[in-house]
Amino acid sequence: DWLTTGILLRAVRRTSSSLDDEVVAKLHGPIIKTVILAGLWIASSVLPLEAATLVWIHRLIATLILVVWAAGSLRILDLVLRLMSGQGARFHAVEPRTLPLFSNLGKLVLLAFAAYLLIEVWDLNPTGWLASAGVAGIALGFAAKDTLANLFAGVFIIADGPYQVGDYVNLESGYRGRVQQIGLRSTRILTRDDVEITVPNSVIGNGAIVNESSGAPRYRVRLKVGVSYGTDIDRVREVLNDVSRKMDATMNDPAPRVRFRSFGGSSLDFELLTWIREPERRGRILDALHCEVYKRFSDEGIEIAYPQQDLHVRTVPESWKPAE
């Protein structure tokens, strides 16, 4: 251990990255355990044992060495991927959102390779094992089809990246909130009620996703209001624009807009379009906008229309009156 890690440490000190130093530090345990097991291998060879017993002991020691290095490789893999994900400028593929994907794929490859070496150590016939694994795989696929659907959907979500941790999303299933965690089986979302819900990835993968945090960090809200016929429409535009500009919660760039949408049955229908920075606050901001618009319309003498019906009563002719 002193000789091997000493040589490696002198070599890695020439690099500017700390990754190789931490990998070398992880080699201490496997190297020491391997040397001890190698000593047991040599000691068992010296003992006057039968050939069959010696073969069994050697295979057992080789299995222990394989387990030691498999466990060490898994720890080194986890360390390397975590350090790579923290250096996005150098490693573009390995990011915090793709870390679970690479971690699980790497562990799967290592465990499959370790299983192959284990079969070679014990000189087993892999044909029967592969046939049994195929039958078991088919049965497991039917039994866990929902879990597998979530797993594959999670892989595609991580690879495609329609949203990230911290994004505010609306799902077709009706869920709305901020993404807390993206896993291979499910995604956790914190709703506006401060309730964390776990949504299976297959549900997300099969529906539309509205990511309100992607692109520019803003969101447009719409306030609809109807005024009475005969109202000065230019004054309505001025008041609505002024209300939006004076509110701290709304943005002046892009500038707010007022649209005259239609001639309603009882009103002239306008719509105020203004931008906010945080989509999760749109309910609170719309509440403040409605209150301010109502106060300003009252001060300006602008009447907010409501449905009305005119009833015309005609005098009934004498000839239409029923006889007594």
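The values are calculated or read from the model by the stated rules, or taken from the named source; none is laboratory data. Model, not experiment: these values are computed from the prediction. Every residue, glycine as well, gets a Cβ built from its backbone with ideal geometry; the counts of neighbours run over all protein chains shown. Just so you know, the surface numbers come from the protein's heavy atoms only, side chains and all, with ligands and any DNA or RNA stripped out. Shrake-Rupley method; radii C 1.70, N 1.55, O 1.52, S 1.80 Å.
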Top mean-square fluctuation among V35, V46, V179, Gaussian network model of the chain, C-alpha springs under 10 Å? V46
Go through K224, K145 and list them by solvent-accessible area, largest first, probe radius 1.4 Å. K224, K145
Eligible lysines near K224 by straight Cα distance, threshold 19 Å, same-chain separation 8 or greater: K246, K295
What accessible area per residue, rounded to a whole number of Å², is obtained for the chain using a probe radius of 1.4 Å? 65
Bridge type composition, the chain - antiparallel percent by DSSP, nearest 5: 100
Only four residue types carry charge here, +1 at the Cβ of Lys and Arg and -1 at the Cβ of Asp and Glu. Report the dipole size of the range 1-121 about the Cα centre in Debye, rounded to the nearest 20. 320
A correct Karplus calculation of ³J(HN,Hα) over the range 52-57, with 6.51 cos²θ - 1.76 cosθ + 1.60, θ = phi - 60°, whole Hz and x for Gly and Pro, returns 5, 5, 5, 5, 5, 5
Cα Rg, Dmax (largest Cα-Cα span) when computed across the chain, Å: 35.5, 135
For the range 27-33, what does the Karplus curve 6.51 cos²θ - 1.76 cosθ + 1.60, with θ = phi - 60°, yield as ³J(HN,Hα) per residue in whole Hz, taken in order and with x for Gly and Pro? 7, 4, x, x, 5, 5, 5
Let me cross-check Y229: its accessible surface, 1.4 Å probe, with only protein heavy atoms counted, in Å² to the nearest 10? 120
Degrees between helix 145-160 axis and first principal axis of the chain (Cα, 0 to 90, nearest 10): 80
Taking the Cα centre of the range 251-298 as the origin, how large is its charge dipole in debye, to the nearest 20, when only Lys and Arg (+1) and Asp and Glu (-1) carry charge on their Cβ atoms? 60
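Want the number for L311 to K145: 0.36 nm per residue separation, take away the alpha-carbon distance, what's left?
Answer, rounded to one decimal: 53.3 nm.
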In whole percent, how big is the carbon plus sulfur part of the accessible area of the chain, probe 1.4 Å, protein atoms only? 59
Using a 1.4 angstrom probe on the protein heavy atoms only, line up H28, H312 by accessible area, largest first. H312, H28
For the chain, built as a Gaussian network whose Cα springs stay under 10 Å, the top-fluctuating residue of A131, A149, A112: A131
For S202, S44, write out the residues from largest to smallest accessible area, computed with a 1.4 angstrom probe and no ligands counted. S202, S44
If you take the charge dipole of the chain about its Cα centre, with +1 on Lys and Arg Cβ and -1 on Asp and Glu Cβ, which of I302, A208, A112 is farthest toward its positive end? A112
